[in-house]
Amino acid sequence: MLKNILITSGGTSEPIDRIRSITNTSTGTLGSLIAKAFSAADSTENIYYIHGKNAILPDCGKLVPVPVCSTDDLLRAVRSVCEERRPDAVIHCMAVSDFRVRSVISSEILALSEGFDSTESIGNYFDSRNLLSEYNKLPSSVGDPVILLEKTPKILPLFRELLPESKIVGFKLLDGVPHDELIGTAHRLLIKSGCDYVLANDYKTVEAGDHQGYLVDKNKNEMHFSGKQAIAEGIAAILSGGNL
């Protein structure tokens with residue numbers, strides 16, 4: 001019986017400076033529908049809803065909102081909820097940025113460089129001339145800023161590490177790929193991250209307003225859901241005891 005549910009929803013926002021940021025187009029609509037689906041179950045006691053600052057908040061009972069901005073914020077929130085509340089199930093549908101800002105320099109400074117012989121030397125060069133160490137808000141007088149990005153930590157594998165007995169659903173979004181590639185990529189993510197299921201979806205259907213989702217299990221079985229409402233209800237039903 002699932003009493004405590006953790007859902008991540010919406011998108012992260014990675015700061016460039018204290019005013020500007022890099023984000024994505026996720027609205028958190030699907031996450032909010034999943035929360036509503038679990039809220040309707042009598043067994044559900046709490047839904048810990050970790051969400052991006054612009055994500056839709058579901059209008060349902062049992063909700064415990066946990067707002068976050070950056071991937072680092074998300075990481076801290078995930079650790080806190082998992083370690084303190086021990087949720088029985090995790091649905092990680094948040095659109096987490098793959099990259100965050102490391103350093104910013106001006107294009108004029110970059111043009112004066114003599115070239116680099118390694119990725120380490122590039123990073124060191126940017127870090128030593130990082131404008132973010134001088135300004136809270138980059139002034140327009142900088143000209144054309146050049147941003148060096150670095151990878152963010154992966155969140156999905158952390159859930160299995162923190163919650164070895166819980167049910168975990170990850171999400172994989174690709175764009176305009178053949179069905180076999182979509183399912184295969186989702187299954188590889190499942191195995192690598194220790195999930196019970198991964199919801200595979202293609203952005204072309206999301207963009208067209210006809211969201212198609214395929215819930216994939218460890219044996220590469222898949223169940224097709226058409227529309228966000230069906231996806232949300234399907235995930236809740238499967239985690240509550242159904243089978244693919």
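The values are calculated or read from the model by the stated rules, or taken from the named source; none is laboratory data. Given the structure is predicted, the values throughout are model-derived calculations rather than measurements. When we count neighbours, we look across all protein chains shown, and the Cβ atoms used for this are built from the backbone with ideal geometry, even at glycine. Just the protein is used for accessible areas: all its heavy atoms, side chains included, with ligands, DNA and RNA removed. Shrake-Rupley method; radii C 1.70, N 1.55, O 1.52, S 1.80 Å.
Quick notes
- If the condition is being more than 26 Å from Lys137 (Cα to Cα) and either polar (S, T, N, Q) or touching an Asp or Glu at 6+ places or on another chain (Cβ under 6 Å) (or both), then the stretch 101-120 contributes Ser118, Thr119.
- Which listed residue, of Ser133, Ser113, is within 26 Å of Thr23 (Cβ to Cβ) and hydroxyl-bearing (Ser, Thr, Tyr): Ser133
- Checked against (1) under 30 Å from Phe126 (Cα atoms); (2) small (Gly, Ala, Ser); (3) in a loop (DSSP other than H, G, I, E, B), Gly176 meets all criteria but (1).
- Residue match in the stretch 217-226 (condition: among the aromatic types (Phe, Trp, Tyr), closer than 28 Å to Arg86 by Cα and touching a helix residue (DSSP H, G or I) at 6+ places or on another chain (Cβ under 9 Å)): no
- Residues being touching a strand residue (DSSP E or B) at 6+ places or on another chain (Cβ under 8 Å), farther than 21 Å from Thr12 by Cβ and surrounded by 11 or more Cβ atoms within 10 Å (Cβ to Cβ) - total across the stretch 127-144: 6
- Residues that are under 30 Å from Val146 (Cα atoms), in a loop (DSSP other than H, G, I, E, B) and modelled with pLDDT of 95 or more, drawn from the stretch 28-59: Ala55
- Scanning the stretch 60-95 for residues that are closer than 17 Å to Gly10 by Cα, open to solvent by less than 20 Å² (accessible area, probe 1.4 Å) and part of a helix (DSSP H, G or I) turns up Thr71, Leu74, Ala77, Val78.
- Qualifying position, being open to solvent by 30 Å² or more (accessible area, probe 1.4 Å), farther than 29 Å from Met1 by Cα, free of Cβ contacts under 8 Å to residues at least 24 places away in the same chain and charged (D, E, K, R), among Glu165, Glu181: Glu181
- The stretch 13-53, residues that are among the small types (Gly, Ala, Ser) and either open to solvent by 10 Å² or more (accessible area, probe 1.4 Å) or under 18 Å from Leu173 (Cβ atoms) (or both): Ser13, Ser21, Ser26, Gly28, Gly31, Ser32, Ala37, Ser39, Ala40, Ala41, Ser43, Gly52
- Odd one out for Val101 among (1) part of a loop (DSSP other than H, G, I, E, B); (2) open to solvent by less than 50 Å² (accessible area, probe 1.4 Å); (3) hydrophobic (A, V, I, L, M, F, W, C); (4) closer than 30 Å to Asp144 by Cα: (1)
- Qualifying residue in the stretch 29-42 (condition: of a type outside the set (Val, Ile, Thr), out of contact with any Leu (no Cβ under 6 Å at 6 or more places or on another chain) and over 17 Å from Glu233 (Cβ atoms)): no
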